[in-house]
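Step one of this worksheet: look at the structure below.
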Amino acid sequence: MAVCARLCGVGPARGCRRRQQRRGPAEAAAADSEPDTDPEEERIEAGTALAGGGPGPAAPRCSLLELPPELLVEIFASLPGTDLPSLAQVCTKFRRILHTDTIWRRRCREEYGVCENLRKLEITGVSCRDVYAKLLHRYRHILGLWQPDIGPYGGLLNVVVDGLFIIGWMYLPPHDPHVDDPMRFKPLFRIHLMERKSATVECMYGHKGPHHGHIQIVKKDEFSTKCNQTDHHRMSGGRQEEFRTWLREEWGRTLEDIFHEHMQELILMKFIYTSQYDNCLTYRRIYLPPSRPDDLIRPGLFKGTYGSHGLEVVMLSYHGLRARGTKITGDPNIPAGQQTVEVDLRHRIQLPEGENLRNFNELSRVVLELREQLRQEQQRQEAGEGAHGDSTVQGDALGPALSSGEPPAKGAAAEPAEGPQKPKGGDEATAQQPTESGQPFVLPLGVSSRNEDYPRTCRMCFYGTGLIAGHGFTSPERTPGVFVVFDEDRFGFIWLELRSFSLYSRVRAAFQNAEAPSPQAFDDMLKNIQALAS
């Protein structure tokens, strides 16, 4: 601000230009002869002298106040919107110029991507300055990705600026078991500015159109929504009609189409549980995982089938020489926030060849031998004889798992997710480098998969573990499995104990305001959502 004051002709070093004009010649000369102690101003003056051709007679000083208004508008429009209120306090002229809508239109466009409907703004009498101050800047903290607190089910909310609205879109997986289909989404709330006084929050839940709602920013990285007219959520046919409508939207079928009794129970349970949250919801911020050039495949969000629980969303991230899959949506067996799989990227598995490729016992033998080797390494490490740090894998310290669709004793396995990403070789060992040709891949006999349309070649396989549990996340157990890298877009996991296969496909969506400010912030976020799930 000191430099701005100097350019404007006001400030402690030179004094106000108007006061100088009221001084006598001697006083003004004495004031101008005072040394300038501001190093930043000296640097700017030096740069100005060089730009003018080097040493020589000092060029006459020019105040910002003497610039034409149209030039000031251009200068002010290039500054961050958060700096403009301070600039308005400099003088009356600046404050008057900062009411020019051109400045705020540019700020809305460059900072929030708003290409507003000018005719609509003219009709409502709302200025771009109002849009920036009362809508975009006020609610900037809720833009990005969030996980709703809906018990074990979780969810994925994306809050974006859409024209003159801020809209919260709930992202839903495609209908089971079509993991390669795009994500579905529906609006939960919207905020807009249709009058000059303040922004209006509307709940979009239900089938009777927008109605009055409320948003409260609870604390950093957390906010809540509340509906003030829940009667808009009810349907004339009562709960039965609401259930049938929900079932068509959530599963794309009727209850009569679902012959599996266990699946019917799970579906009804989810409807009853989630219906309790149509009045008030709390959301916690989530970040997309950071990526590195040597990542096996690019991290991000994937869709996967979880047996009778349907499709769920999993976040793949890298932690040293391990990859982890964390549930963003969950189920009563393995809730949202838990790690479904963890992969040791330094222990590759060579699949059996020829006829043995279809032999489940042969694959199981290979995996279990590796697990025993890792268990012995862990014991040596604990005894102080083995390698240290990340150089060995702790076979039992891996993350929670998927649950299978058919009623299992303790849980079930997951299935495909949506998304393409380029696999990249690791830098720890040349064995991690993927081969373009790949190797044949066929599920062993006796291994079930809800989606039979999986790739028939893979690039590489690694040892991993997944978490299975009983209803209510009881008796959780980490079990061994095989992590399979298919191509740039998909990976899979074979659950040995469940004899089940999960296929994952990347979520194809460009999420804004979702990057973690630092790797540590991402790790803290993961720990937070897992602690809440536990």
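The values are calculated or read from the model by the stated rules, or taken from the named source; none is laboratory data. Since we're looking at a predicted model, the values are computed, not measured. Cβ coordinates were reconstructed from backbone atoms using ideal geometry, including for glycine residues, and neighbour counts include every protein chain displayed. When the accessible area is computed, the model is the full protein with side chains, heavy atoms only, and any ligands, DNA or RNA have been set aside. Shrake-Rupley method; radii C 1.70, N 1.55, O 1.52, S 1.80 Å.
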**Item:** Residue count, the range 248-263 (criterion: over 15 Å from Arg184 (Cα atoms) and either modelled with pLDDT of 80 or more or among the polar types (S, T, N, Q) (or both))
**Value:** 5
**Fill in**
All-but-one check, Ser308 against (1) over 18 Å from the mean Cα position of the chain (by Cα); (2) assigned to a loop (DSSP other than H, G, I, E, B), failing number (2)
**Prompt:** Within the range 185-197, which residues are open to solvent by 80 Å² or more (accessible area, probe 1.4 Å) and in a strand (DSSP E or B)?
**Reply:** Phe185
**Message:** Suppose the filter is open to solvent by 30 Å² or more (accessible area, probe 1.4 Å), farther than 25 Å from Gln338 by Cβ and assigned to a strand (DSSP E or B); does Lys208 pass it?
**Reply:** no
**Cβ pairs under 7 Å, 6+ apart, first in the range 76-95 and at negative phi, second small (Gly, Ala, Ser)** = Phe94/Ala88; Arg95/Ala88
**Prompt:** When both residues are 6+ apart or on different chains and their Cβ atoms are under 6 Å apart, which pairs have a first residue that lies in the range 255-267 and is surrounded by 10 or more Cβ atoms within 10 Å (Cβ to Cβ), and a second that is in a loop (DSSP other than H, G, I, E, B) and not hydrophobic (A, V, I, L, M, F, W, C)?
**Reply:** His262/Pro407
**Asked** Among the numbered criteria (1) open to solvent by less than 80 Å² (accessible area, probe 1.4 Å); (2) modelled with pLDDT of 90 or more, which single criterion is violated by Gly53?
**Response** (2)
**Message:** Please go through the range 348-378 and give me each residue that is open to solvent by less than 30 Å² (accessible area, probe 1.4 Å) and not in a helix (DSSP H, G or I), ordered by number.
**Reply:** Ile349, Leu351, Pro352
**Request:** Filter the range 182-209 down to the residues that are of a type in the set (Ser, Thr, Tyr) and over 15 Å from His232 (Cβ atoms), then identify the one that is nearest to the chain's Cα centre (by Cα).
**Result:** Thr200
**Item:** Boolean, Pro290 is within 13 Å of Leu526 (Cβ to Cβ), touching a residue at least 60 places away in the same chain (Cβ under 8 Å) and in a loop (DSSP other than H, G, I, E, B)
**Value:** yes
**Prompt:** Taking the range 268-286 only, how many residues are in a helix (DSSP H, G or I) and touching a residue at least 60 places away in the same chain (Cβ under 8 Å)?
**Reply:** 5
**Request:** Would you be able to tell me the number of residues in the range 151-174 that are in contact with a helix residue (DSSP H, G or I) (Cβ under 8 Å, 6 or more places away or on another chain), crowded, with 20+ Cβ neighbours inside 10 Å and among the aliphatic types (A, V, I, L, M)?
**Result:** 4
**Prompt:** Taking the range 151-189 only, how many residues are aliphatic (A, V, I, L, M) and in contact with a Ser or Thr (Cβ under 6 Å, 6 or more places away or on another chain)?
**Reply:** 1
**Scope the range 66-75; condition under 40 Å from the mean Cα position of the chain (by Cα) and in contact (Cβ under 8 Å) with a residue 24 or more places away in the chain; matching residues** = Leu72, Val73
**Request:** Name the one entry in Thr474, Thr465, Thr457 that is surrounded by fewer than 20 Cβ atoms within 10 Å (Cβ to Cβ) and within 25 Å of Leu363 (Cβ to Cβ).
**Result:** Thr457
**Prompt:** Is it the case that Phe185 is closer than 26 Å to Gly337 by Cβ and free of Cβ contacts under 8 Å to residues at least 40 places away in the same chain?
**Reply:** yes
**Message:** Here is a list: Asp130, Asp176. Which entry is over 22 Å from the mean Cα position of the chain (by Cα) and within 25 Å of Pro85 (Cα to Cα)?
**Reply:** Asp130
**Prompt:** Where residues in the range 497-527 are farther than 19 Å from Thr340 by Cβ and not in a loop (DSSP other than H, G, I, E, B), which of them is least open to solvent (accessible area, probe 1.4 Å)?
**Reply:** Ala521
**Request:** State the number of residues belonging to the range 473-506 that are within 16 Å of Met315 (Cα to Cα), charged (D, E, K, R) and touching a Ser or Thr at 6+ places or on another chain (Cβ under 8 Å).
**Result:** 2
**the range 211-236, residues that are touching an Asp or Glu at 6+ places or on another chain (Cβ under 8 Å) and surrounded by 18 or more Cβ atoms within 10 Å (Cβ to Cβ)** = Gly213, Cys227
**Asked** Has the range 493-513 got at least one residue that is under 19 Å from Leu321 (Cα atoms), in contact with a strand residue (DSSP E or B) (Cβ under 8 Å, 6 or more places away or on another chain) and of a type outside the set (D, E, K, R)?
**Response** yes
**Message:** Taking the conditions exactly as written (open to solvent by less than 60 Å² (accessible area, probe 1.4 Å), touching a strand residue (DSSP E or B) at 6+ places or on another chain (Cβ under 8 Å) and either on the phi < 0 side of the Ramachandran plot or of a type in the set (A, V, I, L, M, F, W, C) (or both)), does Ile142 satisfy them or not?
**Reply:** yes
**Request:** Check Thr124, Thr200, Thr100 and return the single one that is without any contact (Cβ under 8 Å) to a residue 24 or more places away in the chain and either surrounded by fewer than 15 Cβ atoms within 10 Å (Cβ to Cβ) or polar (S, T, N, Q) (or both).
**Result:** Thr200
**Request:** Please go through the range 246-289 and pick out each residue that is under 28 Å from Gly325 (Cα atoms) and among the charged types (D, E, K, R).
**Result:** Glu249, Glu250, Glu265, Lys270, Arg284, Arg285
